[in-house]
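To start, the structure itself, in structure tokens.
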Amino acid sequence: MRAFYVTTPIYYISGNPHIGHAYTTVVADVLARTARTDGPAFFLTGTDEHGQKVANAAAAAGQTPQAWCDALVPRWESLFHAYHVHYDDFIRTTQARHATKVQRVFERLRERGDIYLGTYEGWYCVHDETFWLESRLVEGRCPTCGRAVQWISENDWFFRLSAYRDRLIEHFRAHPQWVRPRSVYNEMMAILEEGLDDLSISRTNFDWGIPVPDGGGVIYVWFDALLNYITAIGWSEDDARFHTYWPATVQLVGKEIARFHTIIWPAILWALGEAAPETVFAHGWITVDGQKIGKSLGNAVDPFALAERFGADSMRYFLLREAPFGADFSYSEAKIAQRHNGDLGNDLGNLFRRSLTMLQKYREGIVPAGSGPSSSFGARFGDLPARVRGLILDLRFREALEAIWELVTALNASIDERKPWVLHKEGRNDELDALLYDLAEGLRRVAILLHPFMPERMGEAWRQLGAAGAIDDGWQHALGVWGGLAPGTTTHPGDLLFPRIELAAAP
Ligand code: MSP
């Protein structure tokens, strides 16, 4: 059986990580956590350490590129750790396991005639590490980042990208879902229809990169970087581990690098005799004042401070709930606070607190027997786990969260409608038991379903509920009929799950 394989871009370590880098990695984490509940899954992230951009950053800091990278990598690892990301592997392109295989790929493609020697003259943007046709420049500047481009003229190795154009077009037509969202698919199709030039894949004007085997210069950073997705899982044609995971199930990227991943990357794979990934999803940007975060240092937000202030799980919730996946969305502390205090604090946190408090008050904290599978909740929300799972794996995170909130809302409504304090006062004990049971069982389900999104907070909810077993085993067994929470379970009410956060009033 093929396993689930999800990747993020490997990040340039030319500076400190920002919230945009945390974003893609958190999304991959939600996918991987969900996939892992149903079978083997592998989640890869890492750092892109070669190229002129990183070399320039190191030089500006007065360090060798290697020393600079070694010093920065721990910041990326700790960022992902701070956001409760559980990856299976973290690849660095300066590792020997990667570099030797990139050279092997280069040799292989050269033997096959897909790589040849030619002369390159043209425009180059260092910030985006991208070659541009003169016709694509905007007022003489890089069309993606707006920075000045430089003229480069050198003898380079070229990858015969143009030879793959027809196959790419056919592949796009045959697999209309392979590039998502549709807007990016259309944009890539338009590029293909315009025509493709061969790609220069070596550089001789600087030396921070993987050396071209038996030749001068270093391998172009994008050719090097893209290969991480297969070198990390042990590429070579006859490697069993590689074939367990490749082709990748989902490759997540920001939309600005869709072209590399949906045009250049499949062509390299085909040249090697390997398959294209199943899906490339090119998501939107987090913006501030309409500008992509990261474009300038001015709007780079410290992601560590945000996790500290709002809680990493609230940040994760915000990032996945705020916009449909694919669309841009703007970031502000007020918006995060609103999600944290509203959805998480009021809807979910209060429900949790009220339910455990009532259990404490009326039943000494012990979960009573409920009406079991005949509970109206069972019928209404029986298919919720399958729905949520399907939505997550289809990368519709916001809809998945909205579906979970239908249950949260229904549980809140049941307290208002069935008025447990009246039931208690009137001695209607069976009805009170049934309600208290539904609340506890409902919350246990909410915790399981939300666990991929908020692993730490839902782990705490699980503990307070006193639920048996591991929360991430829950999807398969604990989400069957309404009634998985054993009557007699002792709850352990504790601190509020999402304590209110007050923002200082604007001056
Ligand atoms: N090193 C290349 C990728 C090579 S992959 C073989 C690169 N690195 S990067 O450091 O610039 O990271 C880009 C990625 O970070 C984006 O594609 C996206 O996944 C994430 N983001 C960076 N800024 C972001 C936003 N402002 N908003 C959303 N995602 C952001 O490109």
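Can you work out the base-10 log of I(q)/I(0) for the stretch 178-274 at q = 0.13, 0.15, 0.17, 0.25 1/Å, using the Debye formula on its C-alpha atoms alone? Cα-only, vacuum Debye calculation for the stretch 178-274: -0.56, -0.74, -0.92, -1.34.
Probe of 1.4 angstrom, ligands and nucleic acids ignored: what's the accessible area per residue over the stretch 201-255, in square angstrom?
Computed with neighbouring chains in place, this is 29 Å² per residue.
What's the local net charge at F42, with K and R +1, D and E -1, over the other residues with C-beta under 15 Å away?
-2
For N56 and S330, the FRET efficiency from 1/(1 + (r/R0)^6), where r spans their Cβ atoms and R0 equals 30 Å, is about 0.50. Add +1 for every Lys or Arg and -1 for every Asp or Glu among the other residues with Cβ under 15 Å from the Cβ of F206, and state the total. Counting the neighbours of F206, the net charge comes to -4. For the chain, the list of Cys residues with no other Cys C-beta under 4.7 Å reads C69, C145.
Below 8 Å between Cα atoms, with a sequence gap of 6+, how large is the relative contact order for the stretch 332-479 in percent? Before the final figure, lay out each step's value.
Details: 105 pairs, mean separation 38.9, N = 148.
RCO, the stretch 332-479: 26 percent.
If you take all other residues with their beta carbon under 15 Å from the beta carbon of W235, and give Lys and Arg +1 and Asp and Glu -1, the sum is -2. Amide H to amide H distances under 5 Å link I286 with I293, F329, where only residues 5 or more positions off or on other chains count and H is placed in the peptide plane. Annotation: amide H-H contacts under 5 Å for S202 (H modelled 1.01 Å from N, sequence separation of 5 or more, or interchain): W157, Y220. Taken one residue at a time, the phi angles of the stretch 481-487 give Karplus couplings (6.51, -1.76, 1.60, θ = phi - 60°) of 5, 5, x, x, 7, 5, x Hz. Gly and Pro are set to x. The count of lysine pairs in the chain that are at least 8 places apart or cross chains, and whose C-alpha atoms lie under 22 Å apart, stands at 9.
Suppose a student asked you for the relative contact order of the chain, using Cα pairs under 8 Å spaced at least 6 residues apart; what percent would you report? Once normalised by length, the contact order is 16 percent. What the phi angles of the stretch 390-407 give under the Karplus curve with 6.51, -1.76 and 1.60, with θ = phi - 60°, is a coupling list of x, 5, 4, 5, 8, 6, 9, 5, 4, 5, 4, 5, 5, 5, 5, 5, 4, 6 Hz, glycine and proline written as x.
Cα-based radius of gyration for the stretch 267-324, normalised by 2.2 N^0.38 Å, reads 1.65. On the principal axes of its alpha-carbon atoms, the chain has extents of 89, 57, 39 Å, going from largest to smallest. In whole Å, what is the distance between the alpha-carbon centres of the stretch 55-74 and the stretch 116-179? Computed from Cα coordinates, the inter-centre distance equals 27 Å. For the peptides 371-378, 195-202, the ranking by packing is 195-202, 371-378, with the highest mean count of neighbouring Cβ atoms within 10 Å listed first.
Spin-label model, Q63/A410: points 7 Å from Cα along the beta carbon direction are separated by 5.3 nm.
Whole-Hz Karplus values for the stretch 11-21 come out as 8, 5, 9, 8, x, 6, x, 10, 5, x, 6 Hz, taken residue by residue from phi with 6.51 cos²θ - 1.76 cosθ + 1.60 and θ = phi - 60°; glycine and proline positions read x. Averaged over its residues, the stretch 383-507 has an accessible area of 44 Å² per residue, based on protein heavy atoms and a 1.4 Å probe. Put simply, when 401-414, 315-328, 146-159 are sorted by average Cβ atoms within 10 angstrom per residue, most first, you get 315-328, 401-414, 146-159. Here's how it looks for I91: its modeled amide H is under 5 Å from those of T45, G46, T47, which are all 5 or more places away or on a different chain. Model label sites at R428 and L137, defined 7 Å from Cα along the beta-carbon direction, differ in position by 7.8 nm.
What's the carbon and sulfur percent of the chain's accessible surface, probe 1.4 angstrom, rounded to a whole number?
Numbers: 10150 of 20240 Å².
Carbon plus sulfur share of accessible area: 50 percent.
Computed from label points 7 Å out along Cα-Cβ, the spacing between E194 and L117 is 3.2 nm. Seen from every direction in turn and averaged, the convex hull around the alpha carbons of the stretch 332-479 projects onto 9.1 nm².
Is the shape of the stretch 1-54 rounded, prolate or oblate, going by the alpha carbon gyration tensor and its root eigenvalues a ≥ b ≥ c, with a/c under 1.5 for rounded and a/b larger than b/c for prolate? Since a/c reaches 1.5 but b/c is at least a/b, the shape of the stretch 1-54 is classed as oblate.
Roughly speaking, what is the stretch gain from A163 to H175, that is 0.36 nm per residue apart minus the C-alpha to C-alpha distance, in nm to one decimal?
This chain segment gains 2.3 nm when fully extended.
The values are calculated or read from the model by the stated rules, or taken from the named source; none is laboratory data. Just so you know, these numbers come straight off a predicted model, no measurement behind them. A quick note on method: Cβ atoms are made from the backbone with ideal geometry, for glycine too, and the neighbour counts reach across all protein chains shown. We work out accessible area using only protein heavy atoms, side chains counted, and drop any ligands, DNA or RNA first. Shrake-Rupley method; radii C 1.70, N 1.55, O 1.52, S 1.80 Å.
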